[in-house]
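Written out below as structure tokens is the structure these notes cover.
The values are calculated or read from the model by the stated rules, or taken from the named source; none is laboratory data. Computed from a predicted model, the values in this text were never measured in an experiment. Glycine gets a Cβ as well: all are built from the backbone with ideal geometry, and neighbour counts include every protein chain shown.
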Amino acid sequence: MKDLRLMKGNEAMAEAAIRAGADAYFGYPITPQSEVIEYLMRENPAERTGMQVLQAESEVAAINMVYGAAGCGKRAMTTSSSPGVSLMAEGLSYIAGAELPCLVVNVVRGGPGLGTIQPSQSDYFQAVKGGGHGDYKLIVLAPATVQESVDYVKLGFELAFKYRNPVMILSDGIIGQMMEKVELFEQQPRLTEEFSWATVGKKPDRDSVIVTSLQLQSEEQEKVNLRLQAKYREVEKNEVRFESYECDDAEYLFVAFGSCARITRKAMEMARGKGIRVGLLRPQTVYPFPYDAINKLAGQVKGILSVEMNAGQMVEDVRLAVNGKTTVKHFGRFGGMIPSPAEILNALEQKIIGG
Amino acid sequence: MAENNIISPENLVYEKTSVLTDRVLHYCPGCGHGTAHRMLAEVVDELGIQGDTIGVAPVGCSVLAYYYFDVDMQEAAHGRAPAVATGIKRTMPEKYVFTYQGDGDLAAIGTAETLHACNRGENFLIVFINNGIYGMTGGQMAPTTLPGMKSSTSPYGRDVVTMGNPLKMTELVAELPGTCFVTRQSVHTPANARKTKRALKKAMEYQKQNKGTCFVEIVSNCPSGWKMTPAESNKWMEENMFPYYPLGDIKVPS
Amino acid sequence: MARKGDVVINIESCKGCEVCITACPNQVLALSNEVNSKGYHYVMKVNSACVGCANCAVVCPDAVITVYREKRKQ
């Protein structure tokens with residue numbers, strides 16, 4: 001029987017973490033995602049599955065607790081919102097460098113600085129282009145629904161362990177805070193495997209395991225970088241995910257992710273009502289980005305509008321994908337403002353069709 | 001020669017523990033790190049917990065501690081070792097977990113992580129090497145640098161008015177209910193090294209009993225950073241460091 | 001009478017810090033005039049007064065000293 005619930009995005013992700021068989025959650029409260037740790041503390045998963053939950057003294061500590069648990073081969077996660085994720089940049093770089101698996105959720109709010117607590121997509125660059133120091137990538141999943149938020153917790157852990165790489169769910173204040181119908185997956189078992197790369201206690205028949213991102217010799221560091229790059233190429237080959245709507249006959253194209261894609265879809269329907277043949281491509285992974293799919297559509301459409309709740313970030317990837325084949329423009333509201341479908345349709349008409 | 005008869009396996013009274021690897025330590029001649037490593041490794045050896053011990057290395061001179069301890073280890077970001085150790089111990093509660101941190105790592109950039117781990121009473125051992133200077137980066141002022149002490153960033157001596165006072169982390173953490181055993185030791189003489197080893201052993205035994213955080217400070221030298229010979233540095237440490245950082249137990253479990 | 005002892009020094013790993021020399025109660029150890037392959041004057045035994053107390057080995061930062069001591073006479 002289906003386990004259907006009406007749940008808030010943040011709480012649904014917390015429940016999904018327990019059901020995904022997570023071993024540990026370390027977090028620090030920040031709006032608009034504090035419901036995750038509140039739900040976990042209330043639910044007390046230590047009794048349900050043995051999962052450990054700890055409120056850390058800071059986001060800096062939380063991500064390093066994740067590092068420690070991940071280094072033992074455990075399913076560890078944290079959640080935060082933009083200013084907190086900036087604090088985690090150091091830890092994420094170390095986790096990527098030490099090739100550890102973990103899941104990080106960013107319920108994005110407007111910035112820069114302390115910014116606003118309202119929803120935003122202005123951490124796109126931080127999520128997909130690095131955020132911390134060094135040549136590394138996070139695998140970034142962008143849910144548009146509470147259902148996807150739940151599913152991506154499970155998928156996120158799978159990808160994190162498949163590639164031994166940090167995975168980020170790039171949510172936002174809309175999806176984190178809104179309530180929707182959601183089907184919860186069944187309880188998954190917690191991991192019992194002792195991974196060869198994990199610090200689980202030295203065995204007499206093997207060398208000690210060292211979890212580190214330090215290489216004193218530049219030749220060795222380059223080798224690490226080459227290995228990481230090879231891994232990222234694999235990720236780019238295997239893990240691109242997107243959905244397209246009404247693209248078959250499209251003369252114009254919207255590209256939008258996350259909550260913004262829902263609003264853009266409504267704008268698409270309004271445009272179709274007016275006889276404008278516009279489609280929508282919604283990246284579900286923003287790293288790896290669906291470059292090929294967008295490039296293919298670029299040969300078909302007269303123009304592309306990248307709709308984002310930021311001042312123009314994903315549009316740079318759309319331009320890279322299009323590679324000059326057609327016009328690419330950006331429309332965004334930001335600082336916590338949410339665009340209306342009418343505004344988006346208007347932007348299409350002004351910037352692309354009339355532009 | 002008569003001595004030749006003495007050198008035989010049945011007469012062996014002291015050799016390097018196998019919990020230390022055979023790698024040559026990168027530390028400067030006379031640096032206390034090596035002795036501190038060995039005391040801890042001997043404890044792990046004698047308790048028979050090599051396969052159940054997970055260590056966390058810091059950033060600083062002992063960043064490569066994982067080359068020398070033959071146990072599974074993680075390398076933490078600067079100052080974050082107690083947070084990393086928290087992640088390890090919370091998910092591997094049956095393991096013996098330790099951090100090994102210098103004064104810059106523990107008492108400057110990692111002050112928050114240290115205090116909060118101790119305040120939560122995390123069941124692991126923190127080994128704190130205090131030599132009052134940043135050794136690895138070339139002898140800069142540490143939070144524990146003594147008043148008037150010269151370093152490359154206090155070239156005229158630490159002026160406490162503008163540079164702040166040496167931080168007594170060990171006294172601070174002893175105040176926290178989460179700590180169980182807090183002590184300050186040194187490793188510069190045979191007697192002191194043996195006392196340090198006893199303290200480390202006690203700490204591991206308390207960890208087994210889940211008594212809370214154990215914190216062992218080892219006041220140590222930095223011949224290179226202090227610009228002294230090893231012998232001079234040990235004498236200077238006795239005369240200058242010990243009055244400010246007195247040796248002995250600060251908190252013992254009841 | 002004190003039991004006799006002896007030490008074996010891993011010359012190649014010795015950094016000549018002399019901490020063991022001060023720790024020895026019987027002045028058994030001194031620096032050599034020779035250097036090892038790293039250029040350090042290494043420590044050596046200069047007399048046979050060793051009693052196997054292991055003080056030198058306990059304070060050696062580089063764990064280069066192994067100590068032996070004869071068994072008690074039955």
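Values computed for the structure shown
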item	result
Options C:Cys56, C:Cys17: the member that is in a loop (DSSP other than H, G, I, E, B), closer than 23 Å to B:Met39 by Cβ and facing chain B (nearest Cβ under 9 Å)	C:Cys17
Near pairs, Cβ below 6 angstrom, 6+ apart or cross-chain, from region A:324-338 (crowded, with 16+ Cβ neighbours inside 10 Å) to any residue that is part of a strand (DSSP E or B)	A:Thr326/A:Gly303; A:Thr327/A:Gly303; A:Val328/A:Ile304; A:Lys329/A:Leu305; A:His330/A:Ser306; A:Phe331/A:Leu305; A:Phe331/A:Val307; A:Gly332/A:Glu308
Residue match in region A:93-104 (condition: of a type outside the set (A, V, I, L, M) and either under 22 Å from B:His116 (Cα atoms) or modelled with pLDDT under 95 (or both))	yes
Filter result for the condition that a residue is more than 10 Å from the chain's Cα centre (by Cα), part of a loop (DSSP other than H, G, I, E, B) and without any contact (Cβ under 8 Å) to a residue 24 or more places away in the chain, over C:Asn33, C:Asn26, C:Asn47	C:Asn47
Breaking point among (1) more than 7 Å from chain A (Cβ to nearest Cβ); (2) buried (at least 24 other Cβ atoms within 10 Å of the Cβ); (3) farther than 30 Å from B:Pro223 by Cβ, for B:Arg90	(1)
Candidates A:Ala76, A:Ala70, A:Ala144, A:Ala98, filtered to the one that is buried (at least 20 other Cβ atoms within 10 Å of the Cβ), within 14 Å of chain B (Cβ to nearest Cβ) and touching a residue at least 60 places away in the same chain (Cβ under 8 Å)	A:Ala98
Conditions (1) within 11 Å of another protein chain (Cβ to nearest Cβ); (2) in contact with a Ser or Thr (Cβ under 8 Å, 6 or more places away or on another chain); (3) more than 17 Å from B:Glu10 (Cα to Cα); number of the one not met by C:Met44	(1)
Among (1) of a type in the set (Asp, Glu); (2) surrounded by fewer than 21 Cβ atoms within 10 Å (Cβ to Cβ); (3) under 21 Å from the mean Cα position of the chain (by Cα), the one test that A:Asp317 misses	(2)
Among the residues listed as A:Ala198, A:Ala160, the single one being surrounded by 14 or more Cβ atoms within 10 Å (Cβ to Cβ), in a loop (DSSP other than H, G, I, E, B) and assigned by TED's automatic domain parsing to the domain that holds A:Gly111	A:Ala198
Residues of region B:28-56 that turn out to be under 23 Å from C:Lys15 (Cβ atoms), touching a strand residue (DSSP E or B) at 6+ places or on another chain (Cβ under 8 Å), facing another protein chain (nearest Cβ under 8 Å) and in contact (Cβ under 8 Å) with a residue 40 or more places away in the chain, as a count	2
Which listed residue, of A:Glu243, A:Glu193, is touching a Pro at 6+ places or on another chain (Cβ under 9 Å) and farther than 24 Å from A:Gly132 by Cβ	A:Glu243
Check on A:Leu138, farther than 30 Å from A:Arg19 by Cβ and either over 11 Å from the mean Cα position of the chain (by Cα) or buried (at least 18 other Cβ atoms within 10 Å of the Cβ) (or both)	no
Condition met for B:Ala112 (within 8 Å of chain A (Cβ to nearest Cβ), part of a helix (DSSP H, G or I) and surrounded by fewer than 24 Cβ atoms within 10 Å (Cβ to Cβ))	yes
Considering residues of region A:206-225 that are within 9 Å of A:Gly97 (Cβ to Cβ) and of a type in the set (Ser, Thr, Tyr) only, the residue farthest from the chain's Cα centre (by Cα)	A:Thr212
Among the candidates A:Leu40, A:Leu87, A:Leu6, residue that is on the phi < 0 side of the Ramachandran plot and crowded, with 24+ Cβ neighbours inside 10 Å	A:Leu40
Of all residues in region B:144-203 being closer than 24 Å to B:Ala117 by Cβ and within 14 Å of chain C (Cβ to nearest Cβ), the one that is surrounded by the most Cβ atoms within 10 Å (Cβ to Cβ)	B:Val187
Qualifying residue in region B:206-219 (condition: without any contact (Cβ under 8 Å) to a residue 40 or more places away in the chain and over 16 Å from B:Asn131 (Cβ atoms))	yes
Only one of C:Val8, C:Val35, C:Val67, C:Val46 that is aliphatic (A, V, I, L, M), crowded, with 20+ Cβ neighbours inside 10 Å and modelled with pLDDT of 95 or more	C:Val67
Count - residues of region A:96-107 that are within 21 Å of A:Lys154 (Cβ to Cβ) and under 16 Å from the mean Cα position of the chain (by Cα)	7
Test: residue in region B:7-24 that is within 12 Å of chain A (Cβ to nearest Cβ), more than 28 Å from C:Val7 (Cβ to Cβ) and among the basic types (Lys, Arg)	no
Wholly enclosed helices (runs of 4 or more DSSP H) of region B:121-211 bearing at least 2 residues touching a helix residue (DSSP H, G or I) at 6+ places or on another chain (Cβ under 8 Å) and closer than 26 Å to C:Glu18 by Cβ	B:190-208
Criterion violated by B:Ala81 - all others in (1) crowded, with 18+ Cβ neighbours inside 10 Å; (2) within 7 Å of another protein chain (Cβ to nearest Cβ) satisfied	(2)
A:Glu234 being without any contact (Cβ under 8 Å) to a residue 40 or more places away in the chain, under 29 Å from A:His133 (Cα atoms) and either in a helix (DSSP H, G or I) or within 14 Å of chain B (Cβ to nearest Cβ) (or both)	no
Subset of region A:172-195 (residues that are surrounded by 13 or more Cβ atoms within 10 Å (Cβ to Cβ), more than 30 Å from A:Gly335 (Cα to Cα) and either hydrophobic (A, V, I, L, M, F, W, C) or within 14 Å of chain B (Cβ to nearest Cβ) (or both))	A:Leu184, A:Phe185, A:Arg190, A:Leu191, A:Phe195
Residues within region A:253-279 that are assigned to a strand (DSSP E or B), over 19 Å from the mean Cα position of the chain (by Cα) and buried (at least 24 other Cβ atoms within 10 Å of the Cβ), tallied	3
Residue among A:Lys154, A:Lys129 that is surrounded by fewer than 24 Cβ atoms within 10 Å (Cβ to Cβ) and in contact with a helix residue (DSSP H, G or I) (Cβ under 7 Å, 6 or more places away or on another chain)	A:Lys154
